[in-house]
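Rule-based calculations on the coordinates, nothing more; no lab input. In this text, all values refer to a predicted model and were calculated from it rather than measured experimentally. Here the Cβ positions follow ideal geometry from the backbone for every residue, glycine too, while neighbour counts run over all protein chains shown.
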Amino acid sequence: MNQQFYAFLDTAKKTAKEARHAASSMGYLAKKEAGKAAAAAQLNVQILSKKREIQEAYQELGRTLYDKHIGNDTESDTLMEKLQALDALHLEVAELEKQSGKVSVVRTCPTCGAERRPGDAYCPECGEKFNADAANA
Ligand SMILES: [Zn+2]
């Protein structure tokens, strides 16, 4: 067998390997994308339901205030409890919205395009070494 033939075999092997790698990366990315979309959708549902709770809490607070106004005495503790519950709900929504913002930020490997997680020193797909500052950014 001549050298050209070996060169051809080598190229063929390499191409097959690259094709396999590309296919597996694409499957991996598609799965990752689907997972991310599901996580984002789930977060959005949570945010919406929390916002609905906030609307209900506002209504209840308004009713309590009005009751006080018309002389149905409401204890100050009750009002404070409702206000604190609203504070907590607002915090929860802010936290969920922060998470949902993070979900949509995708960092990828410059070599194969696989998603990288913060703290990854190497690409989980192709083994590319990431520089430390970029991995932590
Ligand atoms: Zn990679």
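Using bins of 5 Å that start at zero, the share of Cα-Cα pairs per bin across segment 51-111 amounts to 4, 16, 18, 15, 12, 8, 7, 6, 5, 3, 3, 2, 1, 1, 0, in whole %. Amide H of Thr108 versus every other amide H placed in the peptide plane: which residues, excluding those fewer than 5 positions away on the same chain, fall under 5 Å? Placed amide hydrogens put Arg116 under 5 Å from Thr108.
Segment 1-57 and segment 66-123 have Cα centres spaced 28 Å apart. Rounded to the nearest 10 degrees, the inclination of helix 76-103 to the longest alpha-carbon principal axis of the chain is 10 degrees.
Find the percent of Cα-Cα distances in the chain that exceed 28 Å, and round it to a whole number. Walk me through the numbers on the way to the answer.
Values: 4858 of 9316 pairs.
Every Cα pair in the chain considered, those over 28 Å come to 52 percent.
Modelled label positions at Ile70 and Arg52, each set 7 Å beyond Cα in the direction of Cβ, lie 2.8 nm from each other.
Quote the FRET efficiency, to the nearest 0.05, computed for Ala41 versus Glu97 with a Förster distance R0 of 22 Å and r equal to the Cβ-Cβ distance. Can you show the working numbers first?
On the way: r = 14 Å, r/R0 = 0.65.
Result of the calculation: an efficiency of 0.95.
Under 11 Å from the Cβ of Cys112, count the other residues' Cβ atoms, weight Lys and Arg +1, Asp and Glu -1, and hand me the total.
Overall, the nearby charge balance is -3.
The ranking of Asp10, Asp73 by Cβ neighbour count inside 10 Å, starting from the fewest, reads Asp73, Asp10. When the C-alpha to C-alpha distance is required to be over 22 Å, the pairs from Lys36/Lys129; Lys32/Lys98; Lys98/Lys129; Lys14/Lys36; Lys31/Lys51 that qualify are Lys36/Lys129; Lys98/Lys129; Lys14/Lys36; Lys31/Lys51. Cα axis of helix 3-69 to longest principal axis of the chain: angle in degrees, 0 to 90, nearest 10? Value to nearest ten degrees: 0.
Rounded to two decimals, the Cα radius of gyration of segment 3-45 over 2.2 N^0.38 Å is 2.00.
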